[in-house]
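The values are calculated or read from the model by the stated rules, or taken from the named source; none is laboratory data. The structure presented is a predicted model; accordingly, all values stated were derived computationally and were not measured. Using ideal geometry, Cβ is built from the backbone for each residue, glycine included, and neighbour counts are taken over all protein chains shown.
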Amino acid sequence: MQEKHLFEYAVIRVVPRVEREEFLNVGVILFCSSQGFLQTKYHLNEDRLKAFSTCIDMQELKDRLGAFEKVCAGRKQGGPIGQLGTASRFRWLTANRSTIVQTSQVHPGLCGNAQEKLEKLFEQLVL
């Protein structure tokens, strides 16, 4: 039997107009402490996003989501936040925000392989 590891994840959402509280899921961020895993995966369906809201700046959105990747990767490329420990980076990325890119509440679970779980959640919640 494969050993199960505690993981936490949040869905990354695009919220074009914060006051309307409408959003589209575009990605997932997953943290598994015991596997030293912190990654995000996202996909921007530009046609769907533009149909949802014509005021979205796609380049700004790509830059913001790219910052999520850099913080997950850590080191200097992630800036001051990227130099924090893995758990602190995950907490920072999933903190409540009132911007165009937000995350859902954090949800826990158990998995054997964090990378496989990230892929499965991405398929279920985003694609």
Problem set entry | Given (1) of a type outside the set (Asp, Glu); (2) more than 24 Å from Gln115 (Cβ to Cβ); (3) surrounded by fewer than 19 Cβ atoms within 10 Å (Cβ to Cβ), index of the condition Phe23 fails | (3)
Exercise. Which condition number in (1) in contact (Cβ under 8 Å) with a residue 12 or more places away in the chain; (2) more than 19 Å from Ala114 (Cβ to Cβ) is the one that Asp63 fails?
Worked result: (1)
Exercise. In the stretch 84-127, which residues are within 27 Å of Asn45 (Cα to Cα), in contact (Cβ under 8 Å) with a residue 24 or more places away in the chain and in a helix (DSSP H, G or I)?
Worked result: Arg89, Phe90, Leu93, Ala114, Gln115, Lys117, Leu118, Glu119, Leu121, Phe122, Leu125
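Just give me the residues in the stretch 1-10 being surrounded by fewer than 16 Cβ atoms within 10 Å (Cβ to Cβ) and acidic (Asp, Glu), in sequence order.
Residue satisfying the conditions is Glu3 alone.
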Exercise. What is the residue count in the stretch 102-127 for residues that are among the hydrophobic types (A, V, I, L, M, F, W, C), more than 12 Å from Gln35 (Cβ to Cβ) and surrounded by 20 or more Cβ atoms within 10 Å (Cβ to Cβ)?
Worked result: 2
Problem set entry | Residues located in the stretch 94-127, provided they are over 22 Å from Glu3 (Cα atoms) and either touching a His at 6+ places or on another chain (Cβ under 6 Å) or of a type in the set (A, V, I, L, M) (or both) | Ala95, Ile100, Val101, Val106, Leu125, Val126, Leu127
Exercise. Restricting to helices (runs of 4 or more DSSP H) lying wholly in the stretch 1-83: which have 3 or more residues that are within 19 Å of Leu93 (Cα to Cα) and not acidic (Asp, Glu)?
Worked result: 58-73, 79-82
Exercise. Do you know which residues across the stretch 51-71 are in contact with a Lys or Arg (Cβ under 7 Å, 6 or more places away or on another chain) and closer than 17 Å to Thr40 by Cβ?
Worked result: Val71
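Condition check ((1) over 21 Å from Phe122 (Cβ atoms); (2) crowded, with 19+ Cβ neighbours inside 10 Å; (3) of a type in the set (A, V, I, L, M, F, W, C); (4) modelled with pLDDT under 95) across all residues:
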residue	(1), (2), (3), (4)
Ile12	no, yes, yes, no
Gly36	no, no, no, no
Arg48	no, no, no, yes
Ala51	yes, no, yes, yes
Lys70	no, no, no, no
Phe90	no, yes, yes, no
Asn96	yes, no, no, yes
Problem set entry | Which numbered condition Val28 misses (of (1) farther than 25 Å from Val18 by Cα; (2) touching a Lys or Arg at 6+ places or on another chain (Cβ under 7 Å)) | (1)
